[in-house]
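K.L.:
Have a look at the structure that comes next, please.
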Amino acid sequence: MSKFWPRSLSSQIAVLIAIALFVAQAINFTMLFQVRRQIIMQQIVGPALTRIIDINEQPPGTPLREETGRGRLRILRANPIPAPAHPQPEIEMALRAALVEAGVSVGKIATDVRPFSRPHRHDRRQRGFDRRYADHFARFGAVMTIAVEQPGRGWLVMRAPWPRSEWPIIRQLIMQTLILYVIVLLPVLWGARRISRPLQSLASAAQRFRPGEPQSPLEEQGPQDVRSVIAAFNALRLRVTAMLDEKDQMLGAIGHDLRTPLAALRVRVESVDDDSDRARMIETIEEMNRTLDDILSLARLGRPSEPVSETDLTALVEAVVEDFKAIGKPVALEETARIIAPARPSLMRRAVQNLIENAVKYGTSADVRIVTGVGTVSIIIADKGPGIPTDQIDAVFDPFTRLETSRNRDTGGVGLGLALARAIVREAGGDITLENRVEGGLNAVISLPRG
């Protein structure tokens, strides 16, 4: 059902109102049809009841008179409807109930509806019709015959016009519905479009919003309520930008305040006589510097100062691999053609470096290859380690999350590498996935758009 449901606000409002009008007209049709049936029954049962009561009020033994001139009443000795084609039980029950209430005793009551056919001139008097009443019956298209048995006195036979089809009232209701649709839906569509258009512009502006990028305020248009929402969005965007500016200033101050004592500590460490203790202290300070760099990079990622440019990903990955080879790490790169894609080179280099570093640290080695697809490019980093439990693959991307819980600096950092790498790649419009290899180890896949 949701597949066929319109997405735009104006279309949804129009469909809902159209359904409501249709349901209302259906209820109206049902009520009109019932009222029409009741009126027809009253028009038929009332005159028939009056005539039967008048005849029964005549003194006993008085012969019944046949009214042939008006085409309303005939007197027959036998039942004129032995096998009715279209009986009307409702008419029979209503007529019998009214007669019982009036204290008139009758026998059987039979009804039948047949299409009306205009009689020949020489048959009109015999069948109880004159021209005026023949025209009256012809307008309805059908005639109802009512036969009431008078015990010991014969059968009273009356005829009444009966509508042959309900099409006239159906046609009238269809015309009313169409008129309602035109009168109601057109203004509703206009009003809904007036509301939905600025809302769509607001949604597009919210999707395009990037902190730090210059953007003009969204024009306030539409009804007053929508204008208020747009004004609130413009104000919110300014507040978010101001908060991010304040955050960047604060982070810069924190980084400066922390790096100064770390640098001073690094100088003092050189005065330690014990070589082993000095090396450990230096390593600890370097680890603190790397952690500080990761925290500041992750915090500032929402507003990078580096612009997006067409980047040679092959050359970028080659440079990272060569850096690891230079320090003796087992990293290999499969030869591939030059691939150009939009990225922020320094940040993307940081993401690739973090993944290769994890592969070397936890998987003993890293095999890197670049694969192109339809509109995408993937950087695949495979290791030969133990892999990651399936239920923890998503958890390792959370900041400060480590599967290795010993907190040993030699077996892992503080758990920011994967979080920072994924944030960088997602900011570039891609994503990072981790897949356990069948032959053992783990594949870390960076997927990026090429355009």
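K.L.:
Would you work out the charge dipole size for region 248-392 about its Cα centre, treating the Cβ of every Lys and Arg as +1 and the Cβ of every Asp and Glu as -1, and quote it to the nearest 20 debye?
P.N.:
Using Cβ point charges on Lys, Arg, Asp and Glu, region 248-392 gives about 320 debye.
K.L.:
While we're on this one: Let's test this: bin the Cα-Cα distances of region 269-369 at 5 Å from zero up to the farthest pair and state each bin's percent.
P.N.:
That works out to 2, 11, 16, 17, 18, 16, 10, 5, 3, 2, 0, in percent per bin.
K.L.:
A further question follows. Under 30 Å between alpha carbons, and skipping anything fewer than 8 positions from Lys361 in its own chain: which lysines qualify?
P.N.:
Within the straight-line limit of under 30 Å, Lys361 reaches these lysines: Lys325, Lys329, Lys384.
K.L.:
A further question on this structure: I want to check the label-to-label distance for Ala98 and Ala26. Put each point 7 Å from Cα in the C-beta direction and report it in nm to one decimal.
P.N.:
Calculated label separation equals 3.4 nm.
K.L.:
Semi-axes of region 242-328's equivalent ellipsoid from the Cα gyration tensor, sqrt of 5 times each eigenvalue, largest first, rounded to whole Å?
P.N.:
In descending order the semi-axes read 30, 24, 8 Å.
K.L.:
Accessible area per residue, 1.4 Å probe, Å², for region 310-405: what's the number?
P.N.:
Here the per-residue accessible area is 50 Å².
K.L.:
At 1.4 Å probe size, with no ligands or nucleic acids counted, give the accessible surface of Met175 in Å², nearest ten.
P.N.:
100 Å²
K.L.:
Let me ask something else. Can you divide the C-alpha Rg of region 194-265 by 2.2 N^0.38 Å and report the result to two decimal places?
P.N.:
Dividing the Cα Rg of region 194-265 by 2.2 N^0.38 Å gives 1.67.
K.L.:
Would you work out which of Ala242, Gly222, Gly252 lies farthest towards the positive end of the dipole of region 222-261? Charges go on Cβ: Lys and Arg +1, Asp and Glu -1.
P.N.:
It is Gly222.
K.L.:
From the C-alpha coordinates alone, can you work out the Kirkwood hydrodynamic radius of region 182-333, in Å? Intermediate values should be presented prior to the final figure.
P.N.:
Working: mean 1/r = 0.0472 Å⁻¹.
After inverting the pairwise mean of 1/r, the radius is 21.2 Å.
K.L.:
Counting C-alpha atoms alone, how compact is region 341-405: give Rg to one decimal and Dmax as a whole number, in angstrom.
P.N.:
Considering region 341-405 through its Cα atoms, Rg and Dmax are 13.5, 40 Å.
The values are calculated or read from the model by the stated rules, or taken from the named source; none is laboratory data. In this text the structure is predicted, and so the values were computed from the model without any measurement. Cβ sites come from the backbone with ideal geometry, for glycine too, and all protein chains shown count toward neighbours. Heavy atoms of the whole protein, side chains included, go into the accessibility calculation; ligands, DNA and RNA do not. Shrake-Rupley method; radii C 1.70, N 1.55, O 1.52, S 1.80 Å.
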